[in-house]
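First, the structure itself, so that you have it in front of you.
The values are calculated or read from the model by the stated rules, or taken from the named source; none is laboratory data. Just so it is clear, the structure is predicted and the values come from calculations on it, not from any experiment. Note that each Cβ is placed from the backbone with ideal geometry, even for glycine, and that neighbours are counted across all protein chains shown.
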Amino acid sequence: MIGYIGLQQFLVVSVGLFAIGVYGLLSKRNAISLLMAVELMFNSANVALVAFARFGYNGAQPLAGQAFALFIITIAAAEVAVAIAILLLIYRLRGTVWVDEIDLMRW
Amino acid sequence: MSNPTIFAILFYVLAGLTLASAIAVVTVKNIVHAALALIATFFFVAWLYLMLNADLLWVAQLLIYAGAIPVLLVFAIMLTRRSMSDTSNAESGNKLWGALIAAGVFLLLALVLLPANWRTGVYPLNTTVRVIGTELVNRYPVPFEVVSVLLLVGLIGAVVLARREAE
């Protein structure tokens, strides 16, 4: 008998994914890597929402967490499409996707 | 899942695989390998959803996250060709600070979220598709429409941004 798997265990996974995403966002140079880190953080939020939908059941609003997670998946898809279009434009104009070389707006 | 021990073992295996592949995303040096690890992460998260009784999200995660989004990312990697080398996923000089801040975020969130006294009430184990469908059109029609407009805007925006100007 290992133990009961409840909300806390899923929240630990969610928080771990979020922290890994924060590390990737802060420490990477390639803009595509930053996008991947953001996707990890989206997934972390989704895991938390789905866990709350499962373990924080509320008869008045059943599955609100899962509905929100669906919206987040949709928005993440749109976000990735637009972000990659911007990245390709930057690559075409500046010849690089390394964020420390894209200093167009630095004063 | 009837047997709690098997459920627990499955959960710990899945959680370990998810976190390990997520760490691989931010640590491997080649960005193509990072993209593959990202696909693995999304795949394992999908099975976490299934363990949480979210069958619709399980399918959506497999189709959209493990299927469509990595295709976009790999296309971006391919089109920015110079970045396909062994140092393409390199760290900047902020590696130490990034690790420290990420550890801080982890500790803060864990210390706030885990001891909190959440309302508990377990969703009954049955299918969720019908419930989500009726909730989407009955309770969340406005967010639903806004998200569909957002998708259209994203589509048009991506085309407009990535289109090469006619000379």
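Starting from residues that are free of Cβ contacts under 8 Å to residues at least 12 places away in the same chain and outside any helix (DSSP H, G or I), keep the ones in region A:3-27 and report whichever is surrounded by the most Cβ atoms within 10 Å (Cβ to Cβ).
A:5
Could you please tell me which pairs satisfy a Cβ distance under 9 Å, a separation of 6+ or placement on different chains, a first residue in region B:65-79 that is at the interface with chain A (Cβ under 7 Å from one of its Cβ atoms), and a second residue that is at pLDDT 90 or above and not in a helix (DSSP H, G or I)?
That search, which allows pairs on different chains as well, returns nothing.
Would you call residue B:28 surrounded by fewer than 21 Cβ atoms within 10 Å (Cβ to Cβ) and either among the β-branched types (Val, Ile, Thr) or modelled with pLDDT of 90 or more (or both)? Spell out the reasoning first.
On the way: surrounded by fewer than 21 Cβ atoms within 10 Å (Cβ to Cβ): yes; either among the β-branched types (Val, Ile, Thr) or modelled with pLDDT of 90 or more (or both): yes.
The answer is yes for residue B:28.
Applying the selection to region B:100-143, what residues are surrounded by 12 or more Cβ atoms within 10 Å (Cβ to Cβ) and in a loop (DSSP other than H, G, I, E, B)?
B:114, B:118, B:122, B:123, B:128, B:139, B:140
Inside region B:6-41, can you point out the residues that are at the interface with chain A (Cβ under 7 Å from one of its Cβ atoms), within 25 Å of residue A:5 (Cβ to Cβ) and touching a Phe, Trp or Tyr at 6+ places or on another chain (Cβ under 7 Å)?
Matches in region B:6-41: B:18 only.
Restricting attention to region B:43-55, and to residues there that are at the interface with chain A (Cβ under 7 Å from one of its Cβ atoms) and assigned to a helix (DSSP H, G or I), which single residue is nearest to the chain's Cα centre (by Cα)?
Initial filter on region B:43-55 (at the interface with chain A (Cβ under 7 Å from one of its Cβ atoms)): B:45, B:48-49, B:52-54.
After this cut, where a residue has to be assigned to a helix (DSSP H, G or I) as well, the list is B:45, B:48-49.
Working: B:45: 7, B:48: 11, B:49: 11 Å.
My answer is B:45.
Still on this model: Kindly indicate whether residue B:46 is more than 21 Å from residue A:22 (Cβ to Cβ), of a type outside the set (Ser, Thr, Tyr), modelled with pLDDT under 90 and in contact with a helix residue (DSSP H, G or I) (Cβ under 9 Å, 6 or more places away or on another chain). I'd like the intermediate steps shown before the answer.
Numbers: more than 21 Å from residue A:22 (Cβ to Cβ): yes; of a type outside the set (Ser, Thr, Tyr): yes; modelled with pLDDT under 90: no; in contact with a helix residue (DSSP H, G or I) (Cβ under 9 Å, 6 or more places away or on another chain): yes.
For residue B:46, the condition - more than 21 Å from residue A:22 (Cβ to Cβ), of a type outside the set (Ser, Thr, Tyr), modelled with pLDDT under 90 and in contact with a helix residue (DSSP H, G or I) (Cβ under 9 Å, 6 or more places away or on another chain) - is not met.
Sort out which residues of region A:29-42 are touching a residue at least 60 places away in the same chain (Cβ under 8 Å) and at the interface with chain B (Cβ under 8 Å from one of its Cβ atoms), and write them in order of number. Even if it seems obvious, please write down each step before you answer.
First, the residues of region A:29-42 that are touching a residue at least 60 places away in the same chain (Cβ under 8 Å): A:29-32, A:34.
Selection gives A:29, A:30, A:32.
Please verify whether region A:83-103 includes one or more residues that are under 25 Å from residue B:144 (Cα atoms) and under 16 Å from the mean Cα position of the chain (by Cα).
Our first condition is that a residue be under 25 Å from residue B:144 (Cα atoms); within region A:83-103, this holds for A:83-85.
From the residues that got through so far, the ones that are under 16 Å from the mean Cα position of the chain (by Cα) too are A:83-84.
Checked against the condition, which is being under 25 Å from residue B:144 (Cα atoms) and under 16 Å from the mean Cα position of the chain (by Cα), region A:83-103 yields at least one hit.
I want to confirm something. Restricting to region A:43-75 and keeping residues that are more than 7 Å from chain B (Cβ to nearest Cβ) and surrounded by 21 or more Cβ atoms within 10 Å (Cβ to Cβ), which single residue is farthest from residue A:102 (Cα to Cα)?
The residue in question is A:52.
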